[in-house]
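First the structure, in the form of structure tokens, and then the observations on it.
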Amino acid sequence: METVRLKMLLARVWLLMVAGLLLIFISCGGDRITEGDNINPSPDPTGPINPGTGNYGGGSDEDLSGCLNEKYTQVPTSTKRIDILIIVDTSGSMGDELKVVGEQFAAFINVLKTAEPDLDYQVAVMLAHAESPQSGILWQPGACTNPPVIHGGPGIDYATSVEAPLRCKLTHFVQAAESESKGEAGITAIIKATGSNLSHFKSNGFFRENTALSVIFVADENDICHAPPGYKESDGAEAVFRKSGKCNGITPSIAYSQMKSVLGVQPLTLAGLVNTNVKSSNYGWGYLGEVSNLGYPGVVNLAGGDGIATQISQTPSQVASALSSISKKVNHSLKTKDTFEVRSSVVRIESVHVAGKEVAFQYNPGTHVVTITTSDAGGAGDMISIRSCSK
């Protein structure tokens, strides 16, 4: 009996020793999973957000070295159609500028048509109002007999069929009350246009399917909801408007994401046409300064390589030159892409491959934009892989 009890005791000791050794092995082994470990290191398979293009998706695979293979599927433009929306500041100082823009807009169309003679384009105007009856809808003044959306394209004469109606819209704008927004709420207007008022645009033939979009903000100061850091707030109408809560949810990222949602894979270009004669050093756009992430410059910069800001005076030649520069950016967006914006934490780019072939490139760390410098950036369906590292 004693022998049996001894054997049972030894068996229990042996089991305890084995269990102890097993616990030690698990606590020290390389396959241990603890809270905070990434069980699946691959990011969302839909791929990183690429505000520089918007026409790519494919995924990414990150390794332990801090490097990421950002993958994009090249999707060339499948349409020769573009809708152009001009969003205008209607504060009292804008009359002369809008007149000049209407007179010189031919420079914008000429660049487009020279690059693509068969381009089917439409132009419309929207006022930068927040709460007036004109907020977030197509502008159609009573003095103008043409439809809200001006259609141009092959066989349509710009001077008679497009220029005259456009100039009528731009020179017959209405101001918003100071308590409303002073007509300086373009971000609010585009959020409404691509959100709650989308059906209004669709019913008027704007935001067409399989159609690119170019949005041009025309202003002489930033959106009313986005005062720059350090701006000395007064007790005036602008301050009252900002403090009222009417700017809640009015952000560049929401405006940008809604525009992209409406377009799908079609190209989006964003531009600012800015008169620097008024308040440029006080509450102006400051594209390269401290307000580059706020208001109009904020949403334009989200477009990365497909965004452009031009600061001008009211000189007709300068306005024409700025419009030509914007149009060249639009033309670029309508072609197969060779620029890609990578994540902001990137320290270096190790390589770029197109359809499995390594290609030459340039990287701008300031804008996080990779540019393929060879003549061939791939065709439809080709995989573009950018190996970027954050360490």
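The values are calculated or read from the model by the stated rules, or taken from the named source; none is laboratory data. Predicted model only: the values in this text are computed from it and were never measured. Using ideal geometry, Cβ is built from the backbone for each residue, glycine included, and neighbour counts are taken over all protein chains shown.
Scanning the range 298-317 for residues that are surrounded by fewer than 17 Cβ atoms within 10 Å (Cβ to Cβ) and not in a loop (DSSP other than H, G, I, E, B) gives Pro316, Ser317.
Going through (1) out of contact with any Phe, Trp or Tyr (no Cβ under 7 Å at 6 or more places or on another chain); (2) of a type outside the set (Asp, Glu); (3) at pLDDT 95 or above one by one, Phe207 falls short only on (1).
Only one of the numbered conditions (1) within 17 Å of Ile84 (Cβ to Cβ); (2) surrounded by fewer than 21 Cβ atoms within 10 Å (Cβ to Cβ); (3) within 19 Å of the chain's Cα centre (by Cα) is violated by Gly153, and that is (3). Inspect the range 98-114 for any residue being surrounded by fewer than 24 Cβ atoms within 10 Å (Cβ to Cβ), at pLDDT 85 or above and outside any helix (DSSP H, G or I) and give the result as yes or no. Checking the range 98-114: not a single residue is surrounded by fewer than 24 Cβ atoms within 10 Å (Cβ to Cβ), at pLDDT 85 or above and outside any helix (DSSP H, G or I). Against the conditions (1) aliphatic (A, V, I, L, M); (2) touching a helix residue (DSSP H, G or I) at 6+ places or on another chain (Cβ under 6 Å); (3) loosely packed, with under 15 Cβ neighbours inside 10 Å, Ala130 satisfies every one except (3). The residues in the range 205-224 that are over 18 Å from the mean Cα position of the chain (by Cα), assigned to a loop (DSSP other than H, G, I, E, B) and either outside the structural domain of Asn301 (by TED's automatic domain parsing) or closer than 25 Å to Ser93 by Cα (or both) can be counted, and the count is 3.
Count, please, the residues in the range 89-108 that happen to be touching a strand residue (DSSP E or B) at 6+ places or on another chain (Cβ under 7 Å) and either under 19 Å from Leu268 (Cβ atoms) or hydroxyl-bearing (Ser, Thr, Tyr) (or both). Selection size over the range 89-108: 1. Scanning the range 364-390 for residues that are touching a residue at least 12 places away in the same chain (Cβ under 8 Å), under 20 Å from the mean Cα position of the chain (by Cα) and under 28 Å from Leu263 (Cα atoms) yields Thr367, His368, Val369, Val370, Thr371. Residue count for the range 337-380 satisfying the condition of being closer than 18 Å to Gln74 by Cβ and of a type in the set (Phe, Trp, Tyr): 2. Every test in (1) touching an Asp or Glu at 6+ places or on another chain (Cβ under 6 Å); (2) under 26 Å from Leu213 (Cα atoms); (3) surrounded by 18 or more Cβ atoms within 10 Å (Cβ to Cβ) is passed by Ile386 save one, and that test is (2). Would a scan of the range 119-130 turn up a residue that is part of a helix (DSSP H, G or I), at pLDDT 90 or above and under 24 Å from the mean Cα position of the chain (by Cα)? No, the range 119-130 contains no residue that is part of a helix (DSSP H, G or I), at pLDDT 90 or above and under 24 Å from the mean Cα position of the chain (by Cα).
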